[in-house]
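A.B. asks: Would you mind keeping the following structure in view while I ask a few things?
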Amino acid sequence: MSEKKPLHDEAQFLIVQQHQLNAAGTHLGAMSAALDQLQGAQQRNDALLDQLLAQADAMAGGDQVFIEYDIEIDVLMEVDELEVSASVQPLGMLDSVQIDRDADWAFCLQAMDEYGGRNKLEASEDPFRHLMSDSQRIALEKRIRDEFSLKGADCDKYDYMIAGTCGLIGGLVDIFFIGLPGEGPLGKLADDATDAMVEKFAGLMGWQGPRNPDNATASAIGFLERKFRVNYDQATGAAVDDAFTMSTKNHHVKNLAHSPDLIGLFFSVLNQFTSTSSFISDGRLITIDTETFELQGSNLVSKIFSGFVNWLGHLFSDMAGSSGAVGRGSGIPMPFYSLLQLINVGEFGQHRQTFGTVAVRVFEQGYDLRHGLALAIPVLITELLTRMMWTVKQAFFHKRPLLQCLPSAANPELRRMLMIGHGTLCIFDAADAGIRSGGDIVQFLLRSNLVAWARFGTLALKEIRVWYGEGSMDVDAVDDYLDREYARMLA
């Protein structure tokens, strides 16, 4: 027995409903014809009655005895001459499916199968084809090809020139305004913005401001450290019984709960519930027991929310370094950066260290979330410039309507231009990092823009997928359409 296709039962259910609708329509047509026939017979009877009344009025002026006799004879003769007949074929009962309100899906399917057997509805390999007419099916197939299939890009030489230029501008910004962590103009701007963000968050949490205006950020950090204490904030190897090597410079990257992403949130709540602390060291996941930690809240939901608030508040306390840090301090890693420690392979540098160890050394020298904010600026410039230039070209060169010039990444040409633009940015970034690092892997990574490489990687993978599956269904486009239709229906 062949396996049923997805939604096969649902399609058969719809076919039965369609058959019931068609039968009801046919029945209504027969009822309408019968009513028309009865109406015609009634009109003929009304005409006959009018004739009889007219004859009665005509005979009303003669002798009464003869009038009665004449009326009787004339009426009898008139009725004999006019034959009245109205025959209507009786209509049968419609077949129906009786389903109780408490019936389950299996019972509904069984009732539908019985209905199909009574009405000789044959099962099909593709029952959805029977739910549409030929014209509807052709229109649907055309729409799927136009809107929901993966299409290759048809870029001209100007598209590639525009994308390359936008990537060049982003690359120049990356080279001349980023530099090493905390040194370039954009790096210092990101550090100052982070300090202001920490102070703003502390103020929202009840911080009254610093006693010394020159030490505002440290005061805000100290306030958040006291307010959002957690059980997983071990800072040295001695604090974990020397189970692995750790220092104040790298404990934020080694402790998974300090990661500002879903992984960090998961391990933070888990560690707070179980009074443990989770680390990555030498490519291994290590969990240690800590002092008993009690989350606030009267039930599970409130405790989870309390754990989330603790995680978020503690991240803000570490985002700009610690309250007692000298200089820039050690912040928190960029999202998912901690997972690079699991790549415990290779031999790099003079000491033949693995890539995971090199990633920790790079973080120790300031490659944290603050530096990631600075790295995102040239990426954002490249992205916005490419989208804006594509819109201008569509509107003024191709003379397309404004609604067709919206810079959606679903457009094949814009998708290709974004990949070219970010690829150009990455080429300039790699060339600059390679020249300035002098072959040192740590310096190379310190000067590399991982945000740009991550964006280029996602675009390249999408382009490869489109190239490989061109003409097939674009699942993301279908999901987006269904989400919009669902939102419209709810509205």
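A.B. asks: Give the Cα extents of region 245-396 along the principal axes, in whole Å, largest first.
C.D. replies: Computed over region 245-396, the largest-to-smallest principal extents equal 65, 49, 32 Å.
A.B. asks: Evaluate the distance, in nm, between pseudo-label points positioned 7 Å from the Cα of residue 176 and of residue 472 along their respective Cα→Cβ axes.
C.D. replies: Label at residue 176, label at residue 472, 4.5 nm between them.
A.B. asks: Any idea what the dipole of the chain comes to, in debye rounded to 20, about its Cα centre with Lys/Arg Cβ at +1 and Asp/Glu Cβ at -1?
C.D. replies: Values: 40 positive and 65 negative charges, 939 e Å.
Dipole about the Cα centre, nearest 20: 4520 debye.
A.B. asks: Among 205, 91, 374, whose Cα sits farthest toward the positive end of the charge dipole of the chain (+1 at Cβ of Lys/Arg, -1 at Cβ of Asp/Glu, about the Cα centre)?
C.D. replies: So the residue furthest toward the plus end is 374.
A.B. asks: Please give the FRET efficiency for residue 43 paired with residue 22, using the beta carbon to beta carbon distance and R0 = 25 Å, rounded to the nearest 0.05. Before the final figure, lay out the partial values.
C.D. replies: Numbers: r = 32 Å, r/R0 = 1.27.
The pair residue 43/residue 22 has a calculated efficiency of 0.20.
A.B. asks: Here's something else I'd like to know. Please identify every one of the trypsin sites (Lys or Arg not before Pro) in region 174-214 that sits in a loop by DSSP and has no more than 15 other beta carbons within 10 Å of its own beta carbon.
C.D. replies: Filter output for region 174-214: 211.
A.B. asks: Student exercise: in region 182-364, how many lysine pairs 8 or more apart or on different chains have Cα atoms under 24 Å apart?
C.D. replies: Qualifying lysine pairs in region 182-364: 6.
A.B. asks: Sorted by mean Cβ packing within 10 Å, highest first, what order do the peptides 269-281, 430-442, 477-489 take?
C.D. replies: 269-281, 430-442, 477-489
A.B. asks: Exposure proxy check: 317, 408, 448 ranked by fewest other beta carbons within 10 Å?
C.D. replies: Taking fewest neighbouring Cβ atoms as first place, the list is 408, 448, 317.
A.B. asks: Could you state the per residue volume, in Å³, of the convex hull enclosing the Cα atoms of the chain?
C.D. replies: It is 358 Å³ per residue.
A.B. asks: I've got another one for you. If you put +1 on each Lys and Arg Cβ and -1 on each Asp and Glu Cβ, how big is the dipole of region 182-364 around its Cα centre, in Debye rounded to 20? Mind showing how you got there, number by number?
C.D. replies: On the way: 13 positive and 18 negative charges, 34 e Å.
For this selection, approximately 160 debye.
A.B. asks: How much of the DSSP beta bridge set in the chain is antiparallel, as a percent to the nearest 5?
C.D. replies: On the way: 9 of 9 bridges.
Of those bridges, close to 100 percent are antiparallel.
A.B. asks: Projecting each Cα onto the charge dipole of region 182-364 (Lys/Arg +1, Asp/Glu -1 at the beta carbon, about the Cα centre), which of 240, 305, 221 comes out farthest on the positive side?
C.D. replies: 305
A.B. asks: To the nearest 0.05, how large is the calculated FRET efficiency for residue 391 and residue 205 if R₀ is 56 Å and r is the Cβ-Cβ distance?
C.D. replies: The calculated FRET efficiency here is 0.85.
A.B. asks: Test of understanding: ordering 207, 453, 311, 467 by Cβ neighbours within 10 Å, fewest first, what list do you get?
C.D. replies: Ordered by Cβ neighbours within 10 Å, fewest first: 467, 453, 207, 311.
A.B. asks: Quick check: the distance between the Cα centres of region 348-403 and region 22-49, to the nearest angstrom?
C.D. replies: 76 Å
A.B. asks: Quick one: what does P(r) look like for region 426-491 with 10 Å bins over all Cα pairs, in whole %?
C.D. replies: Each 10 Å bin holds this share of Cα pairs: 18, 26, 21, 19, 13, 4.
A short reminder: the numbers here are calculations on the coordinates, not readings from a lab. Everything numeric here is computed off the predicted structure, so don't read it as measured data. Every residue, glycine among them, receives a Cβ derived from its backbone with ideal geometry; neighbour counts consider all protein chains shown.
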